[in-house]
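The values are calculated or read from the model by the stated rules, or taken from the named source; none is laboratory data. Here the structure is a predicted model, which is why all the values come from computation and not from measurement. Here the Cβ positions follow ideal geometry from the backbone for every residue, glycine too, while neighbour counts run over all protein chains shown.
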Amino acid sequence: MADVTNEASYSSADEDIATISDNGVITAVAAGETEITVSYENETATVSVTVEEPEPEVQIINANPDNVTLEEGDTQELEVEANYR
């Protein structure tokens with residue numbers, strides 16, 4: 001078997017979902033599904049590509065209450081909320 005990655009040609013069925021470089025590097029663009037077609041000499045192969053939505057990132061968290069004074073033996077439950085980007 002020989003590595004012909006750099007000699008093959010590539011195309012994406014939907015470049016709004018994923019693109020493919022001339023040297024075979026797939027770049028995810030947006031969530032969805034598409035296929036990459038690879039051609040070399042008289043042969044073709046397809047690669048199914050699924051791009052998933054990224055996990056949301058936490059922007060800030062808030063803890064309530066934000067100030068507690070306790071006596072020995074007391075307890076206080078905190079409520080924590082997260083805001084996402």
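Computed quantities for the displayed model
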{"quantity": "Residue ID - modelled with the lowest pLDDT, chosen from residues in segment 38-60 that are closer than 30 Å to Ile26 by Cα and of a type in the set (A, V, I, L, M)", "calculated": "Val58"}
{"quantity": "Segment 46-84 - residue that is in contact (Cβ under 8 Å) with a residue 24 or more places away in the chain and within 30 Å of Thr5 (Cα to Cα) and, of those, farthest from the chain's Cα centre (by Cα)", "calculated": "Val49"}
{"quantity": "Test: residue in segment 31-39 that is on the phi > 0 side of the Ramachandran plot, surrounded by 10 or more Cβ atoms within 10 Å (Cβ to Cβ) and either out of contact with any helix residue (DSSP H, G or I) (no Cβ under 8 Å at 6 or more places or on another chain) or among the charged types (D, E, K, R) (or both)", "calculated": "yes"}
{"quantity": "Breaking point among (1) closer than 30 Å to Ala28 by Cβ; (2) surrounded by 10 or more Cβ atoms within 10 Å (Cβ to Cβ), for Ala63", "calculated": "(1)"}
